[in-house]
Amino acid sequence: MDIKRNQPDLQARKEQIISEVIGKLRRHFGRTLEEATPSQLYKAVAMTVRDAIMEKWTATRKARVQQQKKRLYYLSVEFLIGRSLVNNIINLCQDEAYRQALEELGVDLAEIEQSEPEPSLGNGGLGRLAACFMDSLATLGLPAMGCGIRYEYGLFRQKIVDGSQVEMPDNWLDDGNVWEVPNLDDQMEVHFGGQIEEDWSSGQLHIRHTGYHTVIAVPYDIPISGYDSDVALSLRLWSARAPQQLDMSLFSRGEYARAAEEAELAQTISKVLYPEDNHQEGKMLRLQQHYFFTSATIQYIVKDFKKRYPHMPLTRLHEKVAIHINDTHPALAIPELMRILLDQEGLSWEDAWQVTRNCFAYTNHTVMSEALERWPLQMFRELLPRIHMITNAINEQYCHDLWEIYPNDFGKISYMSIIAYDQVRMANLALAMSHKVNGVSQLHADILRKDLFADWARTEPDKIIGITNGVTIRRWCVKANPGLTDLITEAIGPDWIKDADQLQKLIPFAADAAFCERFRRVKAENKARLSNYIASKMDIKVDPGSLFDCQAKRLHEYKRQLLNALHILYLYRRLKEDPAANIEKRTFFFAAKASPGYYRAKEIIRLIHAVKVLVESDPVVREKLQVVFLPNYCVSLAEVLIPAAELSEQISTAGKEASGTSNMKFMLNGALTIGTLDGANVEMAQLMGGENIFIFGRKAQEVENMLRNKLYHAGELYETNRALKNVLDMLVDGSLPADHPRQFSDLYQSLLFGDGGNIADPYLVLDDFAPYAEAQEEVQRVYRDTQEWTRRAVLNTAHAGFFSSDRTIQEYNERIWHLEPIQMERE
Ligand SMILES: *Cc1c(COP(=O)(O)O)cnc(C)c1O
C-alpha cells in the first residue's frame, strides 16, 4: 500500500509512532520492546492508533454539538465488525508510517494482528452490513451512532470433529478490548415485568409501573474511523449489569428471591448472541435482549435531544433524530419511544404517534416466513406490560385507520394487523410505524411490494423502496487485498477508494495484456497466501494451480450448499467412469457455520466432509478434485479467502436471498460468479452484462409459481435424470464414508419425499441440478482460456463500484434520513 495522502511528514509520524509504541509498552505493561509478548505488542500499537482516533472522536462530538445537525441512530442486534487495528490504520491513511515504524521496531503487523480478539457479534450478512454501514457513515462524515448489544460471547467458534460441527464458546472479551470506552454517565435503567396502574386522580392519566425487575444498561463506545475522514463515530454497545443499590433494599425487605432473579437476569441478558440466521424462535431471553438495548437506546436519544435542544419541544424530535432499525429485532424501539413521549414527556397520543412515525425507518431482510419475528402475546404482555398496552393501542388505531380505507375487508385487516392469533407480529409493527421501509436489492423490494407487503404498498404507494446493499471498499479490498489495491491505484489513481464509481476506469484495462498479466499475478499471490494459511492452520495441502471455487456463507438450505456438494459427487462419478474425463482441476472451498439447532444444516456439513473424504481416497479423482472445509468462517477468514477466489458460488433458490453481500465482495476481488437470478446477483448481471457472469436456474417468478401451484415434483426428476439419480443414491447406498448407519438418509428423504408436511425438495435443488452442471461446464471452458477469464475478472472488479456501501449509504440518506455531513476544520 502506498497511499501517502494526508501525511505531511511521514518521517516525523514514523518517529512519533516508534516512541509512542515503546512508551505504551513501558507504561502499560512494564516491558521493553524485546520483552514484550505479541499480545502486548498488539495492544501497544493499537493504543497508539486509538489515541489518533480519539482526537477525531472528541473533535467530531464538538462539531456535531455546535452544528446542531440531525443525527442518525442505526439500531441493530448485530454488528459483525471483525478486527479493527489494520482497518483503522488504513482509514487514518497511516499505513505507510506504521509499516516503516514497525519495520524499524522489528515488529510484523500481520503477526501482531493475530493477537487482536475478533468481535464476532453477528451471524452473517445482516450484522456485517451494519459494520460496513458504520464505515461508510464515518467516511462520508454523516452524524450517526450505531447502537447494539455488547455480547460477552459472540457467535460460537466452530470446530469440525470427525466430520461434524462442534460449537465452542467465543469468549472474545477475556483479554480485554482496547477499542471500547465505557461511558458511565449514560447508564440507563431498563424495567421488566411488573404491573401497570392507570391513575386518573389528577384529572390526567398517570401510568404507574410497579413490581418490575431492573437491569442497568452500561454503554461501551467503540470509535469508528472513516477513510481519509476527520469524523469518527461511535458504535455504542450496551452491556447488562445488576442494580447494586436496589439489590440491597430488596434484601433488607426480605425479597431475596427477587433480588437474586434480578442479578441473574442482568447476568444473562447480554451474555450470548443467538446463533440463528434467517430464523426466529420465540425465546424469552431474546425478547429481553431486544427490549434491553432498544429501551436503553431510546432513553439515551431522548436525553441527548433534551440536552442539545433545551428549547425545542419533543414534537420536533424527528427534525434532529432519525432512527433506523436493521430488520425487526429493534422494533420494540417504536413502542418504547411512544412510552417515553406519552408517560414521561406528556405528549398527546396523536403527537407521539406522528413524531414516532416521522423518526423511524425499517429495513426488511427476508421474505421467508420462518424468519419473520412473531412473539407469543402472553410472554410479551408479562415481560413488557406497558409496551404491550401501547402496542395494543397502536394496533387498534392502525386497524381503525385501515377500516376507513378498506371497509369490511376483514381478511386484509387481519393480515395487516400487529396483534392477531395471540401473536405480536414485529414486521407489521415496523411497517405501520415507519415512514419508509426498504428491501435490500431491487428484486427483493419488488417481491415485498408485489407479494409479502403488497397490502401496505397499495395503502402507501411510496413507502416501500429498494436500496441495494453494499460492502465497504476499505475492508474488502484495501485491507483484504493490498496487492489488488496497489495495482488499481497505479492504473487509475487512489480516488476509487472513496469514490468507487471510478473503478469503471478499469474497463479499458480488461483489454490491456500487461495489466491483465499483473492482475493474474495478484490473484496467484492471493491463492498462494490462502494455500499457506491452510497449510499452517489445518495442515492441508492444496494446489494453487487449480481453480479456486468458493462457497462461503451461513449454512442454510436456501443457500444450497447441497447443490454444490451433489455436483461434486457428479464430477466424482464422471471421473470414476472415465479417468480421462474432461474435467478441470479444481479446489472446492466451503466455509459455513450451521445454527446449532438446525439439524439439516449440520447434516449438510457432514455430507460435505464425507464428499471430501471420498474424493481424497481415490487416486484418480484426487488428481483433479479437492474439497476443503474451512472451519469457523468469520470476517478474518473471509479476508483471506475472498481475495484468493476465482469462482464465487451464489446459488440460492431464486427469490430467497434478499441481497447477499459476499457476492459483492467476491466480485470486487475479481472472482467470476456462478449464480441464480437472486438478490443482488440480478443487478450484478445487469451492470456488467450477462456474458461476464454464469447465470443458471429457475427465476424467482418460476419458483414462486411452481411452489404456489404445487407444480414441482422432485421425484419425477429422480426418475428421468439418470446422472442425478446415481448421485442421489450415493447418499444412502454406502458409497460415502459415514459414521452413521443411516448415512445421509435425512437429506435423501427430504429431497425426494419431503417430511413433516413439507413438500419434497422445497428449495428446488434437483430442479436446478442439470442447469447448474451445465453452467459449471461453461465455467471450466472459459477458465481454460486464461486470457478470457482474466478479461472477465477485470470487468467484474471494474463494475463493482456500484456495490460500495458508500453508494448505499448515500441512497439511504437521500431517500430516508436527510442528514448533512459534519463540517470539520482540517488542521
Ligand atoms: C459477507 C459475510 C457474510 C454474508 O455472506 P452472504 O454470502 O451474503 O450470505 C457472512 N459472514 C461473513 C463473515 C461475511 O463477511
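No lab work stands behind these numbers, since they all come straight from the coordinates. What you are looking at is a predicted structure, and each value in this text was computed from that prediction instead of being measured. Please note: Cβ atoms are built from the backbone with ideal geometry, for glycine as well, and neighbour counts cover all protein chains shown.
Data table
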{"read-out": "Charge sum, other residues only, whose C-beta stays under 14 Å from P544's C-beta, Lys/Arg counted +1 and Asp/Glu -1", "value": "+4"}
{"read-out": "Pairwise centroid distance, computed over Cα atoms, of region 22-85 with region 312-368, Å", "value": "32"}
{"read-out": "Ranked list, fewest to most other Cβ atoms within 10 Å of each Cβ, for S369, S441, S648, S414", "value": "S369, S414, S441, S648"}
{"read-out": "Sorted by Cβ neighbour density within 10 Å, fewest at the top, the residues H279, H209, H329, H818", "value": "H818, H209, H279, H329"}
{"read-out": "Distance in nm between pseudo-label sites at E788 and E189 (7 Å out along the Cβ direction from Cα)", "value": "7.2"}
{"read-out": "Modelled FRET efficiency - R0 45 Å, A524 with D501, Cβ distances, 0.05 increments", "value": "0.95"}
{"read-out": "Amide H contacts under 5 Å for G82, placed H, 5+ residues apart", "value": "L121"}
{"read-out": "Förster-model FRET efficiency, 25 Å R0, S369 and V181, C-beta, rounded to 0.05", "value": "0.05"}
{"read-out": "Theoretical ellipticity at 222 nm over the chain - DSSP helices of four or more residues, -39500 (n - 2.57) apiece, nearest 500", "value": "-14000 deg cm²/dmol"}
{"read-out": "Residue order, fewest to most beta carbons within 10 Å, for F192, F590", "value": "F192, F590"}
{"read-out": "Label-point separation in nm, E261 to A12, each point 7 Å along Cα→Cβ", "value": "6.3"}
{"read-out": "Gain upon complete extension [D422, E197; 0.36 nm per residue less C-alpha separation]", "value": "78.7 nm"}
{"read-out": "Net length gained if the chain between K303 and E396 were fully extended (0.36 nm per residue, minus Cα distance)", "value": "30.6 nm"}
{"read-out": "Cut-off 10 Å between beta-carbons: net charge of the residues surrounding Y633, Lys and Arg +1, Asp and Glu -1", "value": "+3"}
{"read-out": "Whole-Hz ³J(HN,Hα) from phi, Karplus 6.51 cos²θ - 1.76 cosθ + 1.60, for region 114-124, glycine and proline x", "value": "5, 7, 6, x, 8, x, 9, 8, x, 8, x"}
{"read-out": "Net lengthening on full extension, D162/E811 (0.36 nm per residue, minus Cα-Cα)", "value": "228.9 nm"}
{"read-out": "Relative contact order computed over the chain (Cα-Cα under 8 Å; 6+ residues apart), in percent", "value": "14"}
{"read-out": "Shape call, the chain: gyration tensor on alpha carbons, a/c limit 1.5", "value": "oblate"}
{"read-out": "Zone of H740's modelled label, taken as backbone nitrogen in region 151-191 under 17 Å from a point 7 Å along Cα→Cβ", "value": "160-167"}
{"read-out": "Inter-label distance, nm, simple model (7 Å from Cα along the C-beta direction), K537/E404", "value": "5.8"}
{"read-out": "Other-chain or far-sequence residues with amide H under 5 Å of N438's (modelled H)", "value": "Y362, T363, N364, I465"}
{"read-out": "R0 of 60 Å, Cβ-Cβ distance M54-E774: FRET efficiency to nearest 0.05", "value": "0.60"}
{"read-out": "Summed residue charge, Cβ within 13 Å of K306's Cβ, Lys/Arg positive, Asp/Glu negative", "value": "+3"}
{"read-out": "Amide H contacts of Y153 (H built 1.01 Å from N, under 5 Å, at least 5 apart or other chain)", "value": "V272, L273"}
